[in-house]
Amino acid sequence: MPASFPVLVQPAGLRFDAPAGTPLLLAAQAAGVKLPSSCRNGTCRACMCLMLEGEVMYGIEWPGLSRDEKEEGWILPCVAQAVSALEIQSPQAAPIEDAPPPPPRPLTGARR
């Protein structure tokens, strides 16, 4: 089994690698991709997105998705782990912007 799987996020076309055994949300954040999220434990559905291609697994049965939603391809990236290359649809996905540097501190001449 590969150590990681490529993930393509549509419609933005963002890409990241999801290490085996790592939730997609954490893998995306580590790669600089922001996916919607809130609870991070599979119950709030804020991160819910459509899996267009591929396969994921869950460590336990998550309450956030109905059987019908799973059959339609909906997944919860906060708790889903890739087991193949994936293509997912998450319209709110975006690159994580680098935080601006702190403003320079003025030189006061004071010594401590």
Q) By how many nm would the segment from LEU50 to LYS70 grow when fully extended, if each residue of separation counts as 0.36 nm and the alpha-carbon distance is taken off? A) 6.3 nm
Q | the stretch 4-93: radius of gyration and largest Cα-Cα distance (Dmax), Å | A | 11.4, 32
(Q) Taking R0 as 22 Å, what FRET efficiency do you get between ALA94 and ARG40 from their Cβ-Cβ distance, rounded to the nearest 0.05? (A) 0.75
**Q.** Peptide ranges 82-95, 23-36 listed from the most packed, as the mean C-beta count within 10 angstrom indicates
**A.** 23-36, 82-95
(Q) Given a 1.4 angstrom probe, what's the average accessible area per residue across the stretch 4-93, in square angstrom? (A) 51
Q) Considering only the other residues whose Cβ falls under 15 Å of the Cβ of ALA28, what net charge follows from Lys and Arg at +1 and Asp and Glu at -1? A) 0
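The values are calculated or read from the model by the stated rules, or taken from the named source; none is laboratory data. Here the structure is a predicted model, which is why all the values come from computation and not from measurement. Every residue, glycine as well, gets a Cβ built from its backbone with ideal geometry; the counts of neighbours run over all protein chains shown. Ligands, DNA and RNA are stripped out before the accessible areas are found, and what is left, the full protein with its side chains, is counted by its heavy atoms. Shrake-Rupley method; radii C 1.70, N 1.55, O 1.52, S 1.80 Å.
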